[in-house]
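**Student:** Before we start, here is the structure in question, set down as structure tokens.
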Amino acid sequence: MVSFGGLALSDPRGQTGELLRSRARLPKPHTVPLPVPPVARPVRTDPTTDFYEIVQREADLELLPGLRTRVFGYDGLFPGPTLISRSGRPTVVTHHNQLAVPVAVHLHGGHTPADSDGHPTDLILPTAGWSDQTHATHGGAVTAGQRDYTYPMRQRAATLWYHDHRMDSTAAQVYRGLAGFHLVTDDEEAALPLPRGDRDIPLMITDRAFDADGSFRYPTPDHALHTTGGVTDTYMEGVLGDVILVNGAPWPVLEVAAARYRLRLLNASNARRYQLRLAPARTPFIQIGSDGGLLDHPVEQTTILLAPGERADVVVDFAAFPPGTAVTMNNTLGAGSTAQIMLFRVTGRASDDSHVPARLSHVEPLRRSQAVRTRDWRFRRAPTGEHPSWLINDRPFDPARIDADVTLGDVEIWRFTSDLHHPVHAHLNPFQVLSRRGGAPGPYDLGWKDTVDVSPSETVEVLVRFTDYAGRYLLHCHNLEHEDMAMMAAFRTR
Ligand SMILES: [Cu+2]
């Protein structure tokens, strides 16, 4: 076991969750090279559309050196392959389910018609069959073996990600590996002189705990994920692992030239929040984008705070460091093994014609005066004595119930209040943060957001405006254990 300078793992700050410790022999940090997920190639293109096929299957991967981890992988990979779509060019992804459990695929940040949004009851049953047709299907639009997801991609350039959304079992199935990047590009972004190619790197940050044989530890009541979903009561606040994986590798190392890099940071963890910081702190993160794409203008950040589901696009200029410098990305909310994320080793000088322009994009500001109504959404734990669960407006999720009817095109204020840490995510359209604790938005509330970090006893107001697609969508907590334990609500657009 690695000691991390003698620091004991202690209860992490700034978290709602329980720490689950590994029993496996863990590598020294900064010894495993950073993997970058392969970019998926379309199986077919026609004049209007790109077509992809992804097979969801189990695979044994060497995540920890010398050990094998059985994962659920998109194409058997963790993270899954990265899809890249052009704004305005439809993408159709056919998912084949060769796992032994039902799945649903949600494109997080996608502006997607309801029948392709991966609603938790719109399941793809296993190719090999599924004995129990009623349990966990809840009357959704169920398909056998495969399903086509159609993404019109009428949205701006942004870092999206796709992940499992199966009713009651999202947390366990994402934990086992069902997550990948889906990038959207557009002409506006392509015209900017930002770092590109192998200096544009997606970084999926997750925390996991491993058993002695290398398998993932996860406290589910039903290891087969067949009948009972959720997590054991001890871990209902959220599962926090003691190993930080970036793109599936533990505390990896990346060799970088002394040049600018664009890092697309994604917190794909079930419950853990991170506050990222570079050391030595010779250069800031230049934040250029958030969940919904480019900001108006770049913003210097000393740290980046990411709750589950959130993304931040940053540029780091490694020319600020002498060649040979080891630059660590740390997590100031972590302790011991979770205080470290990864290391960048600066190799040598290199040509670099990239820069970060003073103006990046135009983000249309939504205003309080445009709002036609205010809705309250209260996120809290079920009272003692009730079945252990998490509630929105005092109710557990019911797939047969619509909690709000919203008119397409209307601007509304949605007011989120919280007992503990709840990262709140809305499907269909991004929103803008209007206020936090009655004051100005926070430093990480910039631009278009689809997930907002709501802290204990906090009120956050956001301005939402849903467009284009009529149907049933979700608002939910992106702490995946909370989500599985009923912290979701449905809204209907029309
Ligand atoms: Cu929550």
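The values are calculated or read from the model by the stated rules, or taken from the named source; none is laboratory data. Just so we're clear, the structure is a prediction, and the values are computed from it rather than from any experiment. Every residue, glycine among them, receives a Cβ derived from its backbone with ideal geometry; neighbour counts consider all protein chains shown. For accessibility, only protein heavy atoms count, side chains too; no ligands or nucleic acids. Shrake-Rupley method; radii C 1.70, N 1.55, O 1.52, S 1.80 Å.
**Student:** Please work out the FRET efficiency for the pair Arg415 and Glu386, using the Cβ-Cβ distance as r and a Förster radius of 22 Å; give the result to the nearest 0.05. Provide the component values of the computation, followed by the final result.
**Tutor:** Values: r = 24 Å, r/R0 = 1.10.
With a Förster radius of 22 Å, E is 0.35.
**Student:** Now for a different question. State the answer as a single residue: which of Pro29, Ala312, Pro322 lies farthest towards the positive end of the charge dipole of the chain, with beta carbon charges of +1 for Lys and Arg and -1 for Asp and Glu, about the Cα centre.
**Tutor:** Of the listed residues, the answer is Pro322.
**Student:** Right, next: Can you quote the Å³ per residue value for the convex hull of the Cα atoms in region 350-474, rounded to an integer? Display every interim value, and only then the final one.
**Tutor:** On the way: hull volume 22.1 nm³, N = 125.
In region 350-474, the Cα hull volume divided by residue count equals 177 Å³.
**Student:** Same structure again: FRET efficiency for Arg359 and Ala190, Cβ-Cβ distance as r, R0 = 22 Å, nearest 0.05?
**Tutor:** Details: r = 16 Å, r/R0 = 0.71.
Given R0 = 22 Å and the Cβ-Cβ separation, E is 0.90.
**Student:** For Thr234 and Gln98, compute 0.36 nm times the residue count separating them, minus their Cα-Cα distance, and round to one decimal in nm.
**Tutor:** On the way: separation 136, 0.36 × 136 = 48.96 nm, distance 3.13 nm.
Stretched out fully, the Thr234 to Gln98 stretch lengthens by 45.8 nm.
**Student:** Express as a percent, rounded to the nearest 5, the fraction of DSSP beta bridges in the chain (both residues included) that run antiparallel. It would help to have the intermediate numbers written out before the result.
**Tutor:** On the way: 93 of 132 bridges.
The antiparallel fraction comes to roughly 70 percent.
**Student:** Using R₀ = 22 Å, calculate the FRET efficiency as 1/(1 + (r/R₀)^6) where r is the Cβ-Cβ separation of Arg401 and Ser457; round to 0.05.
**Tutor:** Working: r = 27 Å, r/R0 = 1.24.
Efficiency, rounded to the nearest 0.05: 0.20.
**Student:** Further question on the same structure: Calculate, in nm to one decimal, what Asp468 and Glu300 gain on full extension: separation in residues at 0.36 nm each, minus their alpha carbon distance.
**Tutor:** Between Asp468 and Glu300, full extension yields an extra 57.0 nm.
**Student:** Using a 1.4 Å probe on the protein chains only, how many percent of the accessible area of region 144-266 belongs to carbon and sulfur? Working shown, then result.
**Tutor:** Numbers: 1560 of 3300 Å².
Looking at region 144-266 in its full context, I get 47 percent from C and S.
**Student:** Further, regarding this structure: For the chain, what is the relative contact order in percent, using Cα pairs closer than 8 Å and at least 6 residues apart in sequence? Mind dumping the intermediate values first?
**Tutor:** Numbers: 1416 pairs, mean separation 78.3, N = 494.
Relative contact order for the chain comes out at 16 percent.
**Student:** Taking 0.36 nm per intervening residue step and subtracting the Cα-Cα distance, what contour gain separates Thr374 from Thr31 on full extension?
**Tutor:** Details: separation 343, 0.36 × 343 = 123.48 nm, distance 5.09 nm.
Length difference between fully extended and current span is 118.4 nm.
**Student:** Using a 7 Å offset from the Cα along the Cα-to-Cβ direction at both Thr45 and Arg349, what is the distance between the two label points in nm, to one decimal?
**Tutor:** 3.9 nm
**Student:** Explain nothing, just the number: dipole magnitude of the chain about its Cα centre with +1 on each Lys and Arg Cβ and -1 on each Asp and Glu Cβ, in debye rounded to the nearest 20. Provide the component values of the computation, followed by the final result.
**Tutor:** Details: 49 positive and 57 negative charges, 171 e Å.
So the magnitude is around 820 debye.
**Student:** While we're here: Find the accessible area per residue for the chain; the probe is 1.4 Å, ligands and nucleic acids are left out, and the unit is Å². Walk me through the numbers before you get to the answer.
**Tutor:** Details: 17660 Å² over 494 residues.
Computed with neighbouring chains in place, this is 36 Å² per residue.
**Student:** Have a look at Ile286, Tyr235, Tyr274 and report the one farthest towards the positive end of the charge dipole of region 220-354, computed about the Cα centre with Cβ charges (Lys/Arg +1, Asp/Glu -1).
**Tutor:** Final value for the positive-end residue is Ile286.
**Student:** Next up: Compute the projected area of the convex hull of the Cα atoms of the chain, averaged over all viewing directions, and report it in nm² to one decimal place. Display every interim value, and only then the final one.
**Tutor:** Numbers: hull surface 87.9 nm².
Averaging across all directions leaves 22.0 nm² for the Cα convex hull.
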